[in-house]
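One structure is given here, and the rest of the page talks about it.
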Amino acid sequence: MKSNTFLIWDLPTRLFHWLLTTGFIAAALIAFLAEEESRLFPYHAILGLALLLMVVLRLVWGLIGSRYARFGSFLFGPRAVFIYLKEAFLGGSTRHNGHNPGSAYAIFGMLALVLGISITGIMLSLGDKGIKEAHEVLSYALMAVAVIHVLGVVFHTLRHRENITLSMVTGRKECEPAEAIASARPVAAAIFVVLLAAWTFGLFSNYDAATNTTRLPLIGTSLRLGENGQHDLRTQDRNKTGNRARKHDDD
């Protein structure tokens, strides 16, 4: 650890970053690898509901969190983004203790897209099949923004010799002592973990594999996840019809 590195990212922000990354990758893999009628597919929806709570908590933290976690610290206009990109490609080294203009726009985009994906996913679960295409388009858009963000992080790391990925693990970056935050906010991080764990545990424990439904903790709304329930009902109806036909032939 360099001696001139100081705390920039609080613990709730770092936890959100890595848990959202992990949850999104897991949900995307299930969506790509499992058929909609697979018994594995509902877990894609459960993970999506967990991501929804993460984003809601991040929105709250963006208003009341520490200095560089607050949205006000990385609200950049188009001119700031243009200057950042110009310096990145043509030379220049304006430093940003928190998010740079490029990553700021990516973060706002990803937060909005996760909200859109979650809302359209809930609408699907409530029976609005017409929203399926919008859900898929938003999902692909999120993947595109995530890839662009990762490429931007790699480029920034190589261009400026600054390992910003490591800083999101340790919370520390090179800066002046006066620019650092005073605390990692461990209590807020513990509250974040407890709320997310309780919500996710409730979604899994309320999941009924026979009907492919889960009940939202505290809210009580039941959601159908995937197509298994409908598929099983259609299969049962076909079997009943076949049994009646065979019984009729035997008679």
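Key figures for this structure:
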| read-out | value |
| --- | --- |
| Two-decimal log10 I(q)/I(0) for region 131-189, as the Debye equation yields it once each C-alpha is a single scatterer, q = 0.25 Å⁻¹ | -1.00 |
| Isotropic mean projected area of the C-alpha convex hull, region 96-229 (nm²) | 10.6 |
| The chain: Cα Rg divided by the 2.2 N^0.38 Å rule of thumb | 1.28 |
| FRET efficiency estimate (nearest 0.05) - Cβ-Cβ, Ile64 to Leu126, R0 25 angstrom | 0.20 |
| Cut-off 20 Å, label 7 Å out along Cα→Cβ of Ala112, residues of region 57-93 by amide N | 57-63, 70-85 |
| Distance-filtered residues of region 21-51 - backbone nitrogen under 18 Å, label point 7 angstrom along Thr211 Cα→Cβ | 42-43, 46 |
| Degrees between helix 132-160 axis and first principal axis of the chain (Cα, 0 to 90, nearest 10) | 30 |
| Rounded to 10°, Cα long-axis angle of helix 186-205 versus longest principal axis of the chain | 10 |
| Residue-averaged 222 nm ellipticity for the chain, from DSSP H runs of 4+ at -39500 (n - 2.57), nearest 500 | -22500 deg cm²/dmol |
| Computed FRET value (nearest 0.05) for Thr170 with Thr221, which takes r as the C-beta separation and R₀ as 30 Å | 0.15 |
| Around Leu166: net Lys/Arg minus Asp/Glu count, Cβ-Cβ under 10 Å | +1 |
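Each value in this text was obtained by applying a stated rule to the coordinates, not by laboratory testing. Computed from a predicted structure; not experimentally measured. Reconstructed Cβ throughout: ideal geometry from the backbone, glycine too, with neighbour counts over all protein chains shown.
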